[in-house]
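The values are calculated or read from the model by the stated rules, or taken from the named source; none is laboratory data. Quick caveat, the model's predicted, so the values are computed rather than measured. Cβ placement follows ideal geometry from the backbone for every residue including glycine, while neighbour counts extend to all protein chains displayed.
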Amino acid sequence: MRSRERSAPRATGCDRAAGLQVMAGPMNRHILRELRPRREGGSEPVAKLADRAAWAIVLTGVLVYGLVFSLRTTAAYTSANTLFDLATYQQGFWNALGWPPFYYSLEGEMSRFGRHFSPVFYLILPLFWLHPVPPTLLAVHSFALGAGAIPAFLIARRYIGLYGGVLLAIAYLLSPAVQDINVQNDFHEIAFALPSLLLAFYLGIVGRRGWFVAALLLALSTREEVAITTLAFGSYLVLARPDAPPLPASPRLWARALAARATSPGAWQGWAAIAISSFWLVGVVFVAMPYLNAGEQFPVPGGYEHLGATPLGILRGMVEHPGVVLRDALSAPKVEYLFWLLAPLAFLPLLAPEALLVSAPALVEILISRYPPHYYVFERYTAPVLPAVILAATLGVSRLARRTNWLRARPYVAAAVIVGATIVSQAHLQKFPTEFRFEPDPHSAIALAAARRVPPTASVAVADHRLLAHLASRRELYVLDPGTPRVDYVIFDRGRPPITQWSPADQRKAEDRFLRDADYRGVTCEDGVVLLARQSALQRDGVVTGSRTPGTAVLGQFGGSVSLSDARAFVEDGEARVELTWRALGRGYADYQVFVHVVDASGAIVAQSDAAPQRGKCPTSAWAAGMEVLDTHAIRLPEGERRPAAIRVGLYDLATLARLPRTDVTGGRAADFVEVAWPMLSARP
């Protein structure tokens, strides 16, 4: 009987290809299992131990980073090396609960939310209240930046395994970009975008919907322009998320494949990010910020004037002048910026261009700007760019491992290359802090002492930005300029050029305005640091303008406007040291010189010193009524038979060389100098 069974048909080429795909499925799953943390440690108990060890390394790194950079930034504050921006945040936090919220006066008496919309400050505020001083803000800033290593570790662990995740976290903590954002910028809200965006990226990728929305709102609350980065990330999740099926080989089928991705359940997080970010951006830029900025339009930062004066104007300028935009973006400083952005990550982000494109909006802001700090290597403006670059580097390591047989089971080797590239870049750029000087230099110490004499309830204007943060815990604080309102106290420095945005001519004009004001009296002038106060403030606050007790000198007045209230002389190691205490009785002086003559018994000059008070650091033109000036002169005594008998002190006009007449304590006319008897001491008591 003939069998009714049919023989199996021969396999065609298509069937063989299908069979290979079926076989490839388990193979790919096997490779993925090999890349999981569980497999790196071998058995399950060992894997758990490895996981705990990895977390211990990452968290220890975060803690060490936070401590080191908190100390470094605090050292900058205590040594008077912080600048304008830290003062604006300190004053804002000090006035957080008034109206407008986070009020500060340094840029026009407004809310900080009118300048940059940063509700994240309300999460920082309870920590600030524990110790309401700038070092608290600096510590929060440092630990927050360090904490960005945690989501960086989680992202890398997902794609390149446990060991690779640890190495990527280490690379993050060693990154010259991260460290420079921390050290060079004191405290800025945009820095908080770096860890919060990394966290949002991780939660969006793994599909934790509720937590993702919370992290997204946290990132948006750091600063208004972060919304354009989260918009880009939402688009990435919709169209190019890592777990989406690969695009077909034929470009003609891409549209259908992208539509399938956009409508798949996994695209939910992306659409949510796009909707929330769009609503946030429009509401903040066109409603909240103008309301908190007295109706003014969105404050466009400098650097874009060549394109437009508003956000829409800048976009229009980019469209109308593409050649200008391209020329600016490809200029040498911008190319250098791009090089050092990618070099610490061994250029591996280029292997994941779709993830790198998430940084495009923030990166374009930097590349089209003509404001140099925007594209310095590195300023705080890099913070919204880095999260996408780190994500792209992680995916780049994963793709490199899949394409290389030897690396397939060892993706951490490629991660180690990133750590090496980071160390090499750090060695070249030298962004790691090496100086931890907590004590100010002598001149800064004098300036800080003058600042401490200003009561915390008083209004004050300061010329040098280095003092602003030390005086920011008050309602009214201003930079001294020609338009400064009448305040209780004024501090400026004739002994060292101030750090200020004003020209020397404008600065001198502002100083002279208060020096000539009859309502202001001089409190002190030491080493060029001048402190003035309104008479009403002196009476209210009980600030004392004098501190010395008369010594051994014959006292008198010169020109009816300057009194010598104290004069002391000492001799040590062949040098006469004369300490004078002058007191201004009027204002609007010319520049007088002090002469100190060492004379013998016949009145002949043995040695002398002619100089402006405090060697020119506190000239008489900077004196105001009531000011006390401590003035020291050191005179080297010549060797010889002529023995000093006395020291004579007086003033003369530098322009005419005429000495100022002197009256004695009774008001009678006297010699045009004060004579101090020659000391019998061989050393100062």
(message) Which numbered condition in (1) assigned to a loop (DSSP other than H, G, I, E, B); (2) in contact with a strand residue (DSSP E or B) (Cβ under 7 Å, 6 or more places away or on another chain) is the only one that PHE117 fails?
(response) (2)
(message) For segment 172-204, which positions are more than 20 Å from the chain's Cα centre (by Cα) and surrounded by fewer than 24 Cβ atoms within 10 Å (Cβ to Cβ)?
(response) LEU203
(message) Out of everything in segment 205-232 that is closer than 18 Å to ILE124 by Cβ and hydrophobic (A, V, I, L, M, F, W, C), what residue ends up being surrounded by the fewest Cβ atoms within 10 Å (Cβ to Cβ)?
(response) ALA214
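I'd like to check something: does segment 466-481 contain any residue that is modelled with pLDDT under 90 and small (Gly, Ala, Ser)?
If we filter segment 466-481 for residues that are modelled with pLDDT under 90, which is where we start, we get none.
There is no residue in segment 466-481 that is modelled with pLDDT under 90 and small (Gly, Ala, Ser).
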(message) I'd like to know if segment 326-334 contains one or more residues that are crowded, with 18+ Cβ neighbours inside 10 Å, over 27 Å from ARG399 (Cβ atoms), in contact with a Gly (Cβ under 6 Å, 6 or more places away or on another chain) and modelled with pLDDT of 85 or more.
(response) no
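When you look at ASP180, is it in contact with a helix residue (DSSP H, G or I) (Cβ under 6 Å, 6 or more places away or on another chain), at pLDDT below 95 and acidic (Asp, Glu), yes or no? Please lay out each step first, then the result.
On the way: in contact with a helix residue (DSSP H, G or I) (Cβ under 6 Å, 6 or more places away or on another chain): no; at pLDDT below 95: yes; acidic (Asp, Glu): yes.
Here the answer is no, as ASP180 does not meet what is asked.
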(request) From PHE102, PHE128, grab the single residue that is in contact with a strand residue (DSSP E or B) (Cβ under 9 Å, 6 or more places away or on another chain), outside the structural domain of SER459 (by TED's automatic domain parsing) and without any contact (Cβ under 8 Å) to a residue 40 or more places away in the chain. (result) PHE102
(request) Within segment 275-289, track down each residue that is free of Cβ contacts under 8 Å to residues at least 60 places away in the same chain and touching a Phe, Trp or Tyr at 6+ places or on another chain (Cβ under 9 Å). (result) PHE286
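Which of the helices (runs of 4 or more DSSP H) contained wholly in segment 395-456 include at least 2 residues that are farther than 24 Å from ARG158 by Cα?
Working: elements: 405-408, 411-429, 442-452.
Output list reads 411-429, 442-452.
Run down VAL571, VAL554, VAL578 and say which single residue is modelled with pLDDT of 85 or more and either more than 22 Å from GLU526 (Cβ to Cβ) or crowded, with 20+ Cβ neighbours inside 10 Å (or both). Walk me through how you get there before you give the answer.
Values: VAL571 fails: modelled with pLDDT of 85 or more; VAL554 fails: modelled with pLDDT of 85 or more.
Testing whether each residue is modelled with pLDDT of 85 or more and either more than 22 Å from GLU526 (Cβ to Cβ) or crowded, with 20+ Cβ neighbours inside 10 Å (or both) leaves just VAL578.
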(message) Which of the numbered conditions does LEU351 fail, given that it passes all the others? Conditions: (1) under 20 Å from ARG241 (Cβ atoms); (2) buried (at least 24 other Cβ atoms within 10 Å of the Cβ); (3) not charged (D, E, K, R).
(response) (2)
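Looking at segment 464-549, what strands (runs of 3 or more DSSP E) fall wholly within it and have at least 1 residues that are in contact with a Cys (Cβ under 9 Å, 6 or more places away or on another chain) and in the same structural domain as ALA451 (by TED's automatic domain parsing)?
Working: elements: 477-479, 489-493, 520-526, 529-534.
The strands (runs of 3 or more DSSP E) meeting that bar are 520-526, 529-534.
For a quick check of your reading: which helices (runs of 4 or more DSSP H) sit entirely within segment 234-324 and have at least 3 residues that are buried (at least 18 other Cβ atoms within 10 Å of the Cβ)?
Values: elements: 254-263, 268-283, 289-292, 311-320.
By residue number, 268-283.
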